[in-house]
Amino acid sequence: MNRRNFMTLTATASSGAMMLPNFLKAAAHKYASMGEQSLVFLQLDGGNDGLNTYVPFEDPLYQEYRPTIKLSADDVINKNKGMGFHPALKGLAAIQQAGDLTVLQNVGYPEPVKSHFRSQEIWQTGSKSSEYLRNGWLGRYLDVQCDDIIPTAGMNVDRIDNLALKGSEPNSITVRDVNRFKTNLQTEMDLSGHPSLDFVRTIAAGTQDGSKEIQKALKKAGQEYGYPKSALAVQLKWIAQLIKGELNSKVYYTSLGGFDTHNNQLGTHARKLTEVNDAVFSFYKDLKSAGLMDRITLVIFSEFGRRVKDNGSGTDHGTAAPVFIVGGNNRGRVLGKNPNLANLSDGDLIHDIDFRSVYASLLKNKLDFDPSLIGINNSAYAGIF
């Protein structure tokens, strides 16, 4: 079994209790607190239609280019300088009214790629379009920050691993159901002096410690806050429980699919945005009531937006789209120019904000970390915090 496969075995618990071989044992490994500030990422898989999420309803070209899926001035809410939220996003609009949500408009990257897999990879590694990196940007950050292996420094609450958290060391765990994530290591053992075997044993020890810390945090969090019953709401509820239970992870990650709206977009998109809105608003109220929202920064993004013109009942793969920042003492602004529908590149929006400058701002302003240490050389985008 190679190193990568074993890391997948020990770091991922996709269902039920994970059982490890009896010869593995938790070696002495103390969990280290990573500080107060944490980042939470919600990835909208499939390419969310930004133009129908934060809507340029006053632009006549928007109405012209989208005859079948356009939203009118009467539809949108929280109108501000020609822009407004999709009517399903009443919770996000309320968070903005409270001064706790910043909208970053036209976020993307040069030479955009319209492949789901490749564009997600670019966002998750922080690479250029022509650059291929093996480790994720958050995994590289954790490699620098963690003196020893800290398996819960990054938490991915999802069904599959996320490249963003992949580093040279296994400082993150993917857990589908945190209530059932347990390990069973039964036999005492000492390190052998054999590098490969000791690596296996060290990973096993870290996984055991990770399981213990997760269960301890859940117990400490106490009574659960009420959330909707959607899959996303459950995932965000678990993240909130771990935060309230002082797990002290620096990074939490989760995702929601279903945003590839090539057809029947109006109904599908409204349902997906409703799920996002209700889950995020519950998460916000939960941590706000616990007095923790200033310590938590939630970032909502997608790998790309959609084409400006509709295709008759939906939209095809596009480029730039908005990113939403919730909490973390953000300044509650709308940053970046409104989408310029009169100046397109082959029918697509031209990005105004490079996503890596957003990453640089998060690292610098929230985690007190120099982005250049992990190869992100963009200047931090000003005005978010």
Next on the checklist: Considering only residues that are among the charged types (D, E, K, R) and surrounded by 16 or more Cβ atoms within 10 Å (Cβ to Cβ), which ones fall in region 329-363?
Outcome noted: 348, 352, 354, 356
Checklist entry - Counting only residues that are open to solvent by less than 30 Å² (accessible area, probe 1.4 Å) and assigned to a helix (DSSP H, G or I), how many does region 273-295 have? => result 10
Item to check | Residues satisfying the stated conditions in region 94-108, i.e. open to solvent by less than 10 Å² (accessible area, probe 1.4 Å) and either among the small types (Gly, Ala, Ser) or farther than 22 Å from residue 357 by Cα (or both) | outcome: 95, 108
Checklist entry - For region 307-318, does any single residue satisfy the condition of being in contact with a Lys or Arg (Cβ under 8 Å, 6 or more places away or on another chain), surrounded by 21 or more Cβ atoms within 10 Å (Cβ to Cβ) and closer than 20 Å to residue 101 by Cα? => result no
Checklist outcome for this item: Within region 212-266, the residues that are open to solvent by less than 10 Å² (accessible area, probe 1.4 Å), under 22 Å from residue 160 (Cα atoms) and of a type in the set (Ser, Thr, Tyr) are 249, 252, 253, 254
Checklist entry - What number of residues within region 217-260 are assigned to a loop (DSSP other than H, G, I, E, B) and touching a helix residue (DSSP H, G or I) at 6+ places or on another chain (Cβ under 8 Å)? => result 15
Checklist entry - Which helices (runs of 4 or more DSSP H) sit wholly inside region 76-154 and have at least 1 residues that are without any contact (Cβ under 8 Å) to a residue 24 or more places away in the chain and within 18 Å of residue 259 (Cα to Cα)? => result 116-125
Next on the checklist: Suppose the filter is of a type outside the set (Ser, Thr, Tyr) and within 23 Å of the chain's Cα centre (by Cα); does residue 94 pass it?
Outcome noted: yes
Checklist entry - Out of (1) modelled with pLDDT under 95; (2) open to solvent by 20 Å² or more (accessible area, probe 1.4 Å); (3) not in a helix (DSSP H, G or I), the odd one out for residue 5 is which? => result (3)
Next on the checklist: residue 298 - would you say it is modelled with pLDDT of 95 or more, open to solvent by less than 10 Å² (accessible area, probe 1.4 Å) and part of a loop (DSSP other than H, G, I, E, B)?
Outcome noted: no
Item to check | Condition met for residue 270 (part of a helix (DSSP H, G or I) and under 16 Å from the mean Cα position of the chain (by Cα)) | outcome: no
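The values are calculated or read from the model by the stated rules, or taken from the named source; none is laboratory data. In this text the structure is predicted, and so the values were computed from the model without any measurement. Methodologically, a virtual Cβ is constructed for each residue, glycine included, from the backbone with ideal geometry; neighbour enumeration extends over all protein chains shown. Note: accessible area is taken over every heavy atom of the protein model, side chains too, but ligands, DNA and RNA are not part of it. Shrake-Rupley method; radii C 1.70, N 1.55, O 1.52, S 1.80 Å.
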